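The values are calculated or read from the model by the stated rules, or taken from the named source; none is laboratory data. Note that the structure is predicted; figures quoted are calculated from it, not measured. Every residue, glycine among them, receives a Cβ derived from its backbone with ideal geometry; neighbour counts consider all protein chains shown.
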């Protein structure tokens, strides 16, 4: 993606999309060094304007890679005190990589009833972004233990964002599939709309496992 971004027509949408995709996938030290140089202006692509939105994309990539701090995210937010900036900051904070960071992101949504649906969505996007998927394993039981309470105490829009945003789908393994099946079996009388959301997530995990198995055969 980085090579494609560098060789794309300067100022083109292709250049922008390749760079945005690169930042979303960046995880090695080399990748993150490139992102840091881009954000700091040490590396430039002809015709590319790193505006506020793209700057947040790059900062989120650095957050996920453990190459920025909560204090630096607050500094970026101080320069963009808008609704979009607040959501991007929530995304970046939740993308920070440690177990403590993920706990903080979780608590900001599950232990507080105030965030808007867009902030919940942004936090979920950051929460699931991790190079070390094992950091999400402790949240499997917490997710299922919280489902009925979330459904009963939050609006439908917020509950849906929480369920879709914090279901630990990046794990994509049999442990998650079995936990999902167990919850469905134990909660046959749960609201149909809630069961539908969980059934859809189970279908996604099942497809992911099948794809992994097919890759192993190939």
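Quick look at the values:
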item	result
Helices (runs of 4 or more DSSP H) contained in segment 134-218 and holding at least 1 residues under 15 Å from residue 124 (Cβ atoms) and in contact (Cβ under 8 Å) with a residue 60 or more places away in the chain	156-166
Segment 102-114 - residue that is part of a helix (DSSP H, G or I) and in contact (Cβ under 8 Å) with a residue 24 or more places away in the chain and, of those, surrounded by the fewest Cβ atoms within 10 Å (Cβ to Cβ)	110
Residue match in segment 34-48 (condition: out of contact with any helix residue (DSSP H, G or I) (no Cβ under 6 Å at 6 or more places or on another chain), within 23 Å of residue 161 (Cβ to Cβ), free of Cβ contacts under 8 Å to residues at least 60 places away in the same chain and part of a helix (DSSP H, G or I))	no
Segment 115-133, subset assigned to a loop (DSSP other than H, G, I, E, B) and closer than 20 Å to residue 152 by Cα, residue modelled with the highest pLDDT	116
Number of the condition not met by residue 73 [criteria: (1) surrounded by 17 or more Cβ atoms within 10 Å (Cβ to Cβ); (2) touching a residue at least 24 places away in the same chain (Cβ under 8 Å); (3) closer than 21 Å to residue 105 by Cβ]	(2)
